[in-house]
Amino acid sequence: NCSTGGTCPEQLHDYFTFTADTEYRFLDIASMQQVETSCRVTRGANGQKHLFNVNSFVTPPNAVSAQTVNNLGFAQERLDKCSAMTGLLPNLINVDFWSEGDLPQLVQSVNMERVSS
């Protein structure tokens, strides 16, 4: 494992060298809505990375919860709140059941917004 003291082959880079990552263990939607803990960077150094990943899924995977979590309004609000809390602009959003909800629409909207600014 490259991130726990191992040495990586030249062509394999440790993800957390380049990425700040939020908490990733949410037992329910309510715990994901607790911004102070759910948006905190738990892996990768805060503010020193080029990429910011927001984890947005319930563990264990749950398709019913994904319908809410992957909803355009919920997902956009989560990205906005995590960005406001950390000062980092989300580049990545990790989800379960990507086809549930409005994620393709959200990603297209965010990408178009960033291209035009």
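The values are calculated or read from the model by the stated rules, or taken from the named source; none is laboratory data. On a predicted model such as this, the values are computed, not experimentally measured, just so you know. Cβ coordinates were reconstructed from backbone atoms using ideal geometry, including for glycine residues, and neighbour counts include every protein chain displayed. All accessible areas refer to the heavy atoms of the entire protein, side chains included, with ligands and DNA or RNA removed. Shrake-Rupley method; radii C 1.70, N 1.55, O 1.52, S 1.80 Å.
Contact order for the chain, expressed relative to its length and based on alpha carbon pairs under 8 Å spaced 6+ residues apart, stands at 25 percent. What nm distance separates the two modelled labels at residue 30 and residue 83, each placed 7 Å from Cα along Cα→Cβ? In this crude spin-label approximation the distance works out to 2.9 nm.
For the chain, give the share of DSSP beta bridges that are antiparallel, in percent and rounded to the nearest 5; count only bridges with both residues there.
Given both bridge residues lie in the chain, the antiparallel proportion sits at roughly 25 percent.
Only one residue of 97, 107, 52 has its Cα farthest out toward the positive end of the dipole of the range 1-111, where Lys and Arg carry +1 and Asp and Glu -1 on Cβ, and that residue is 52. Counting only alpha carbon atoms, the long axis of helix 103-116 and the longest principal axis of the chain meet at about 70°. Read through the labelled values [x] -0.18; [y] -0.26; [z] -0.58 and report the label of the one computed as log10 I(q)/I(0) by the Debye sum over Cα atoms at q = 0.09 Å⁻¹ from the structure. Recomputing log10 I(q)/I(0) by the Debye sum over Cα atoms at q = 0.09 Å⁻¹ here gives the entry labelled [y].
Residue-wise HN-Hα couplings along the range 63-72, as the Karplus relation 6.51 cos²θ - 1.76 cosθ + 1.60 with θ = phi - 60° gives them from phi, are 5, 5, 5, 4, 4, 7, 4, 8, 5, 3 Hz; Gly and Pro carry x.
Whenever you get a sec, compute what percent of the accessible area on the chain sits on carbon and sulfur atoms (1.4 Å probe). Please list the in-between numbers first.
Numbers: 3870 of 7210 Å².
Within the chain, the accessible surface is 54 percent carbon and sulfur.
Legend: calculated FRET efficiency, residue 12 to residue 71, from the Cβ-Cβ distance at R0 = 25 Å, rounded to 0.05, equals 0.10. Basic side chains Lys and Arg get +1 at the Cβ, acidic Asp and Glu get -1 at the Cβ, and with that the dipole of the chain about its Cα centre reaches some 220 debye.
Applying a 10 Å radius around every beta-carbon, put 22-32, 50-60 in order of their mean neighbour count, most first.
Numbers: 22-32: 15.7, 50-60: 18.8.
Sorting 22-32, 50-60 by mean packing, highest first, produces 50-60, 22-32.
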